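The values are calculated or read from the model by the stated rules, or taken from the named source; none is laboratory data. What you see is a predicted model; the values in this text were computed from it and never measured. For neighbour counting, all protein chains shown are included, and Cβ atoms are generated from backbone atoms with ideal geometry for every residue, glycine included.
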């Protein structure tokens, strides 16, 4: 999994990337040290709210771009409850970043399947239920509108 995220991080202007799941928090982190676990969780809570608002009006967002003063966040829906956060510098070629992410998304999903199928979780949550809508996500990935949100740094 780390190899796939490293390929994204090798792009000019990309500072790091991280996979986040609602249930398990960070799955694989490659973000700069200035992003603490609390900061990442805060970002994902806000992004999740934005995505949920889109669901209310029946808009299936697949990518969300958040512009801050110091950096740009590109958030991509990987699976129903799993998001990929990519942190870029403000001058980064976002078209190149988005294209690379969309080319790598199948590999990321395949790696996620390996992680959850090999992991034995002791609570009542079944990892297989996390991938119930896997085929649905594959079908709508390229058909969904993209949303750009311009905000300020908190």
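Taking the stretch 83-104 only, how many residues are in contact with a strand residue (DSSP E or B) (Cβ under 7 Å, 6 or more places away or on another chain) and surrounded by 15 or more Cβ atoms within 10 Å (Cβ to Cβ)?
Taking the stretch 83-104 and keeping what is in contact with a strand residue (DSSP E or B) (Cβ under 7 Å, 6 or more places away or on another chain), we get 83-90, 92, 94, 97-98, 101.
Checking the rest, the ones that are also surrounded by 15 or more Cβ atoms within 10 Å (Cβ to Cβ) come to 83-88, 92, 94, 97-98, 101.
Within the stretch 83-104, residues that are in contact with a strand residue (DSSP E or B) (Cβ under 7 Å, 6 or more places away or on another chain) and surrounded by 15 or more Cβ atoms within 10 Å (Cβ to Cβ) number 11.
If I ask for residues that are in contact with a strand residue (DSSP E or B) (Cβ under 8 Å, 6 or more places away or on another chain), over 18 Å from residue 82 (Cα atoms) and part of a loop (DSSP other than H, G, I, E, B), which ones from the stretch 15-44 would you list?
Selection gives 32, 35.
Residues in the stretch 59-66: is at least one farther than 18 Å from residue 94 by Cα and either modelled with pLDDT under 85 or surrounded by 15 or more Cβ atoms within 10 Å (Cβ to Cβ) (or both)?
Step one: of the stretch 59-66, the residues farther than 18 Å from residue 94 by Cα are 59-60.
Those still in the list that are either modelled with pLDDT under 85 or surrounded by 15 or more Cβ atoms within 10 Å (Cβ to Cβ) (or both) too: 59-60.
Yes, there is a match, as at least one residue in the stretch 59-66 is farther than 18 Å from residue 94 by Cα and either modelled with pLDDT under 85 or surrounded by 15 or more Cβ atoms within 10 Å (Cβ to Cβ) (or both).
Out of 80, 114, report the one residue that is surrounded by fewer than 19 Cβ atoms within 10 Å (Cβ to Cβ), at pLDDT below 85 and under 23 Å from residue 50 (Cα atoms). I'd like the intermediate steps shown before the answer.
Numbers: 114 fails: under 23 Å from residue 50 (Cα atoms).
After applying the criteria, what remains is 80.
For the structure I just gave you, tell me whether residue 5 is buried (at least 19 other Cβ atoms within 10 Å of the Cβ) and modelled with pLDDT of 80 or more. Spell out how you get there, then give the answer.
On the way: buried (at least 19 other Cβ atoms within 10 Å of the Cβ): yes; modelled with pLDDT of 80 or more: yes.
Yes: the conditions hold for residue 5.
Tell me the residue from 29, 33, 17 that is surrounded by 13 or more Cβ atoms within 10 Å (Cβ to Cβ) and free of Cβ contacts under 8 Å to residues at least 24 places away in the same chain, please.
On the way: 33 fails: surrounded by 13 or more Cβ atoms within 10 Å (Cβ to Cβ); 17 fails: free of Cβ contacts under 8 Å to residues at least 24 places away in the same chain.
Selected residue: 29, the only one of 29, 33, 17 that is surrounded by 13 or more Cβ atoms within 10 Å (Cβ to Cβ) and free of Cβ contacts under 8 Å to residues at least 24 places away in the same chain.
Name the single residue, out of those in the stretch 43-58 being touching a residue at least 40 places away in the same chain (Cβ under 8 Å) and under 19 Å from residue 19 (Cβ atoms), that is surrounded by the fewest Cβ atoms within 10 Å (Cβ to Cβ).
Initially, the stretch 43-58 is screened for residues touching a residue at least 40 places away in the same chain (Cβ under 8 Å), giving 43-44, 50, 54.
Now drop any that are not under 19 Å from residue 19 (Cβ atoms), which leaves 43-44, 50.
Details: 43: 21, 44: 19, 50: 14.
Residue satisfying both the conditions and the ranking: 50.
Could you go through the stretch 100-107 and let me know if any residue there is out of contact with any helix residue (DSSP H, G or I) (no Cβ under 7 Å at 6 or more places or on another chain) and over 18 Å from residue 1 (Cβ atoms).
If we filter the stretch 100-107 for residues that are out of contact with any helix residue (DSSP H, G or I) (no Cβ under 7 Å at 6 or more places or on another chain), which is where we start, we get 102-103, 105-106.
Still in the running and over 18 Å from residue 1 (Cβ atoms): none.
No, that holds for no residue.
What are the residues in the stretch 45-69 that are within 21 Å of residue 100 (Cβ to Cβ) and in a helix (DSSP H, G or I), if any?
47
Which one of these is in a helix (DSSP H, G or I), touching a residue at least 40 places away in the same chain (Cβ under 8 Å) and within 17 Å of residue 108 (Cβ to Cβ): 87, 4? Lay out the reasoning, then the answer.
Details: 87 fails: in a helix (DSSP H, G or I).
Testing whether each residue is in a helix (DSSP H, G or I), touching a residue at least 40 places away in the same chain (Cβ under 8 Å) and within 17 Å of residue 108 (Cβ to Cβ) leaves just 4.
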